[in-house]
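Chemist: Below are the structure tokens for one structure; questions will follow.
The values are calculated or read from the model by the stated rules, or taken from the named source; none is laboratory data. Quantities reported herein were computed from a predicted structural model and do not represent experimental measurements. Note that we place each Cβ from the backbone using ideal geometry, even for glycine, and neighbour counts take in every protein chain shown.
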Amino acid sequence: MNAIAQELNTVIQDSNPHVYEMLSDMGKALFFPKGILSQSAEAKEKAGRINATIGIAKEGNSVLSLSSVTQYIQGITPDEYLPYAPSFGIPALREKWKQDLYKKNPSLEGRSITLPVVTSGITHGVSILSDMWVNKGDVIVLPDMMWGNYNMTFCVRNGARIVHFKAYDEGLTRFNLDSFESVMREQAEKNDKIITILNFPHNPSGYTLSREEADRVAAILMDIAKGGTNVVAACDDAYFGLFFEEETSKESLFAKIAGREKRLLAVKLDGATKEDYVWGFRTGFVTYGICAEKNVEEAGLALEKKTAGCIRGNISNCSHLSQSILLKSMADPRYDSLKAEKFELLKARAMKMKEVLKDPKYREGFEVYPFNSGYFMCIRIKGVDAEKLRIHLLDQYGVGLISMGDENIRVAFSCLEEKDVSTLFDTILTGIKDLRS
Ligand SMILES: Cc1ncc(COP(=O)(O)O)c(C=O)c1O
């Protein structure tokens, strides 16, 4: 194994051996190289006369550029977006995102978390999680309704074994925490390490746990860790902040579990993608919360370096332009109010859905999964195949929806105008009746 990787492993082992045990083989082997990048960083600091280190081109004191490119980007100098960003991400953006994590999750106060490492969107964060913590055959506990891409990342890429719990009880009254608990405990009995992804607001159902439910999930995870099983618990907070109802927990589960138990590693995967409505920017973050009696900061830094090494060996670094714009947007005095405005727009759409769906006529055709957050909601179709219905609605009525399994249809209210809500559900009902007759 590379000597730098070994050094990082020793730091982690000294601080918390369980975190070291949880790393995948790749995670153990990862390191951030001291080669060209660190020599360039040193030169940037000290080589005032001639700096002939890094693989970009310069003209005078600035980056060399084509005006056919730069003409489209105003208000930022080419030096702020054309050169490579560091593999860790722009330091000021990492600091700002971290500060905001404390602001958005007040109960994190007083607890140490790592400096977020910038990823190319949350998908990339999920993939890094998988590379660093999942070995072939490892068990990952996920709901039976989930973002389909987890399958690609964890199973196809890294050979994980998904064990599902039932996301909802039969009556669709609430998220099925009994099933979550029993599957987690059953897997903890059988395995030294288990991984789970906590995705709230949930894709596809649009559900976020209530405060009590969130406390219960945190308690289950901590209890399993206390009982001697290593638990990697990753919070996929892609839709963080879009919480539309009073009783909904407004903080990430990460805030409840970070730094709480030695055998519980908390990982936060989040990003600007949906929080700041910049889907194509590809700017996400990975943050760790470790519990240890000593050297927590050092162990955290070692994990940051392994994460940056994982990025270096894959995409090298993320879009500099996106990071620079995001950083400026976050520093804009209007940032909070602009976000609040869009939040209200999405909330109004979700509320309109709820109002329209109160009409008992729809019960004849489908049931509604509980939803209170995010971008989506789901319905369970009665007596008609969901995929057949999707195709029928598309072909006959020009209505596009997502079918999931035999029974479920996902509706993205995030892109639906309030005025179209009744028409949409009326058309779905008509489509169901067409297929039945
Ligand atoms: C649950 C969940 N996680 C992650 C992502 C991916 O986000 P990004 O576009 O930042 O890669 C999505 C987006 O569809 C998602 O629904």
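Chemist: Return the residues of segment 241-286 that are closer than 23 Å to M222 by Cβ, more than 15 Å from the ligand (Cβ to nearest atom) and not small (G, A, S); say none if nothing qualifies.
Modeler: Result: E247, T248, K250, E251, K256, I257, R260, E261, K262, R263, L264, L265.
Chemist: So which residues in segment 14-39 are more than 27 Å from the chain's Cα centre (by Cα) and at pLDDT 95 or above, if there are any at all?
Modeler: D14
Chemist: Now for a separate question. Being within 16 Å of the ligand (Cβ to nearest atom) and either among the hydrophobic types (A, V, I, L, M, F, W, C) or within 24 Å of M132 (Cα to Cα) (or both) is the filter here, so list the residues in segment 165-208 that pass it.
Modeler: Of everything in segment 165-208, those that are within 16 Å of the ligand (Cβ to nearest atom) and either among the hydrophobic types (A, V, I, L, M, F, W, C) or within 24 Å of M132 (Cα to Cα) (or both) turn out to be A167, F175, I195, T196, I197, L198, N199, F200, H202, N203.
Chemist: Looking only at segment 211-240, filter to residues that are surrounded by fewer than 19 Cβ atoms within 10 Å (Cβ to Cβ) and part of a loop (DSSP other than H, G, I, E, B); which one of those is farthest from the ligand (Cβ to nearest atom)?
Modeler: G228
Chemist: Just for segment 393-413: of the residues that are part of a helix (DSSP H, G or I) and surrounded by 18 or more Cβ atoms within 10 Å (Cβ to Cβ), which one is modelled with the highest pLDDT?
Modeler: If we take residues in segment 393-413 being part of a helix (DSSP H, G or I) and surrounded by 18 or more Cβ atoms within 10 Å (Cβ to Cβ), then L393 is modelled with the highest pLDDT.
Chemist: In segment 105-137, what count of residues is obtained for those that are more than 13 Å from D236 (Cα to Cα), touching a residue at least 60 places away in the same chain (Cβ under 8 Å) and not polar (S, T, N, Q)?
Modeler: 12
Chemist: Still on this structure: As an exercise: evaluate M132 against (1) more than 12 Å from the ligand (Cβ to nearest atom); (2) in a helix (DSSP H, G or I); (3) surrounded by fewer than 17 Cβ atoms within 10 Å (Cβ to Cβ) and give the number of the one condition it does not meet.
Modeler: Just one mismatch for M132, condition (3).
Residues checked against (1) within 16 Å of the ligand (Cβ to nearest atom); (2) not assigned by TED's automatic domain parsing to the domain that holds E304:
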site	(1), (2)
T77	no, yes
L93	yes, no
K103	no, no
L115	no, no
I122	yes, no
G137	no, no
P143	yes, no
N158	no, no
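Chemist: Just give me the residues in segment 161-210 being of a type in the set (D, E) and assigned to a loop (DSSP other than H, G, I, E, B), in sequence order.
Modeler: D169, E170, D192
Chemist: Quick one: how many residues across segment 20-39 are farther than 14 Å from L265 by Cβ, of a type outside the set (A, V, I, L, M), in contact (Cβ under 8 Å) with a residue 40 or more places away in the chain and part of a loop (DSSP other than H, G, I, E, B)?
Modeler: Of the residues in segment 20-39, 3 are farther than 14 Å from L265 by Cβ, of a type outside the set (A, V, I, L, M), in contact (Cβ under 8 Å) with a residue 40 or more places away in the chain and part of a loop (DSSP other than H, G, I, E, B).
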